[in-house]
Amino acid sequence: MHEKLSVVLYSFGFKHGVPVDAHMVWDVRFLPNPYWQEALRPLTGQEQKVADYVIKSEQGKTFLKLLEPLLDFLIAEHRAQEKKHLRLAIGCTGGRHRSVAIVEALRHHLHQEDVDLTCFHRDIERVE
């Protein structure tokens, strides 16, 4: 029996530095930014109002529609080559809103995959 593929998926803020340990980094700064909505600014991408603002936008829906099959493909290929680790980072400006919402959506997408999935939000607690 093969060891499960370890998939680490995490959010970060570009203004706090680009991760050096990720196999792939996606920049989601093109998505609508909740920071500019006063009611959403103090919240994080883990909260439904912020997640909806990001993910239910046309850009958010299209990005996930394209990224989810790519992620499935990458996992299948890593398994086929018996790789043990896949580290994926999603970045926005500060690491509190957009990247967090996307990681949480991808966590939901991958929850039934037969992988050892770890998700975290590197910069979610950082303040301006």
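Selection within region 65-109: residues that are surrounded by fewer than 17 Cβ atoms within 10 Å (Cβ to Cβ) and either among the acidic types (Asp, Glu) or over 15 Å from residue 7 (Cα atoms) (or both). The member of this set that is modelled with the lowest pLDDT is 82.
Look at region 92-112: where a residue is under 11 Å from residue 11 (Cβ atoms) and a partner is surrounded by 24 or more Cβ atoms within 10 Å (Cβ to Cβ) and among the basic types (Lys, Arg), sitting 6+ places away or on another chain with Cβ atoms under 8 Å, you get 92/98. The sole residue among 10, 35, 53 that is surrounded by 11 or more Cβ atoms within 10 Å (Cβ to Cβ), outside any helix (DSSP H, G or I) and either of a type outside the set (Asp, Glu) or touching a strand residue (DSSP E or B) at 6+ places or on another chain (Cβ under 9 Å) (or both) is 10.
Every residue, every condition in (1) out of contact with any Ser or Thr (no Cβ under 9 Å at 6 or more places or on another chain); (2) on the phi > 0 side of the Ramachandran plot; (3) of a type in the set (Gly, Ala, Ser), yes or no:
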position: 64; (1), (2), (3): yes, no, no
position: 83; (1), (2), (3): yes, no, no
position: 96; (1), (2), (3): no, no, no
position: 100; (1), (2), (3): no, no, no
position: 105; (1), (2), (3): yes, no, yes
position: 116; (1), (2), (3): no, no, no
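Within region 85-102, if we keep just the residues that are β-branched (Val, Ile, Thr) and not in a strand (DSSP E or B), the residue that is farthest from residue 114 (Cα to Cα) turns out to be 93. When each of 46, 112, 59 is tested for being at pLDDT below 95 and among the polar types (S, T, N, Q), the lone residue that passes is 112.
When residue 117 is tested against (1) part of a helix (DSSP H, G or I); (2) at pLDDT 95 or above, only condition (1) is not met.
Only one of the numbered conditions (1) assigned to a loop (DSSP other than H, G, I, E, B); (2) of a type in the set (A, V, I, L, M); (3) surrounded by fewer than 20 Cβ atoms within 10 Å (Cβ to Cβ); (4) in contact (Cβ under 8 Å) with a residue 24 or more places away in the chain is violated by residue 25, and that is (1). Evaluation of residue 86 against the conditions (1) more than 17 Å from residue 127 (Cα to Cα); (2) out of contact with any strand residue (DSSP E or B) (no Cβ under 9 Å at 6 or more places or on another chain); (3) hydrophobic (A, V, I, L, M, F, W, C) shows that the sole unmet condition is (2). Scanning region 13-22 for residues that are within 25 Å of residue 51 (Cβ to Cβ) and not in a helix (DSSP H, G or I) turns up 13, 17, 18, 19, 22. Summed over region 78-91, the residues that are over 16 Å from the mean Cα position of the chain (by Cα) and under 21 Å from residue 12 (Cα atoms) give a count of 1.
The values are calculated or read from the model by the stated rules, or taken from the named source; none is laboratory data. Just so it is clear, the structure is predicted and the values come from calculations on it, not from any experiment. Reconstructed Cβ throughout: ideal geometry from the backbone, glycine too, with neighbour counts over all protein chains shown.
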